[in-house]
Amino acid sequence: MAKAGYSPRFGRDIRIKPDVQAAPKVRLCAEKDCGEEGAYRVPRSRDQLSTYLWLCLAHARAHNEKWDYFAGMSEAEIERFRAEAVIGHRPTWPLGKRAAGYRGGAHRFADGYAIFAEAKESPEPRRPQRILSRLQQQAFDVLNLEPSASLIEIKARYKELVKRFHPDANGGDRGTEERLKQVIKAYGVLRASGLT
């Protein structure tokens, strides 16, 4: 016969703890001689807005009724606060003043690559140099293009050569058909390599 709470599988007693609910901690009101729960937070002072006092409802109402953020401030300080409130009390500067090295009315920055230079002063931009395989180089030779040719130039040359060597454009003459096959194959190589 098995004992109550004994499991033959595990060989020990299983005990269940009774449900004991700990009394919730109650935050008391910060006012002296008040035993109520401090469930409402209010700022300590104008200088310490991020630290709070916890008060009961009655004391929180009393605190809010006598709270004056501007107490002790002069008219000039109040006016300055109101002006800064428009921009959220964040620093501001005139438009364009913090751009690329603005110093005392003139923009100064290093333009080492002559991006903003006049067209006469800057040389023609270089085209990117490609590293080509032998097959790609042959394809550019068939199309009679430089290896640095752009996508638009490659496509334009392909269309031009296809129109020139197609038998329909030559009155049905099949003499240029072999050259047309070379152009189509060269364009296929460039297209497969991602250059078009």
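Read-outs: derived from the displayed coordinates by stated rules, not from any lab. Treat the numbers as computed from the prediction; the structure is a model and nothing was measured. Glycine gets a Cβ as well: all are built from the backbone with ideal geometry, and neighbour counts include every protein chain shown.
Show which aspartates and glutamates lie in cross-link reach of Lys25 when reach means a straight Cα distance below 12 angstrom and same-chain residues fewer than eight apart are skipped.
Straight-line reach from Lys25, under 12 Å: Glu37.
So if I take the centroid of the Cα atoms in the range 18-78 and the same for the range 137-169, what is the distance between those two points in Å?
Taking the Cα centre of each part, the range 18-78 and the range 137-169 sit 82 Å apart.
Using only the alpha carbons of the range 27-92, determine the length spanned along each of the three principal axes and report them from longest to shortest in whole angstroms.
Cα spread of the range 27-92 along its principal axes, largest to smallest: 47, 22, 15 Å.
Please name whichever of Gly35, Ile87, Leu53 sits farthest to the positive end of the charge dipole of the range 27-92, dipole taken about the Cα centre and charges placed at Cβ: Lys and Arg +1, Asp and Glu -1.
So the residue we want is Ile87.
Please label the shape of the range 134-192 as rounded, prolate or oblate, based on the square roots a ≥ b ≥ c of the eigenvalues of the alpha-carbon gyration tensor (a/c under 1.5 means rounded; beyond that, a/b larger than b/c means prolate, else oblate).
Prolate is the answer for the range 134-192, as a/c is 1.5 or above and a/b outweighs b/c.
Mind checking which aspartates and glutamates have their Cα closer than 17 Å to the Cα of Lys155? Skip sequence neighbours fewer than 8 apart in that chain.
The qualifying aspartates and glutamates are Asp141, Glu146.
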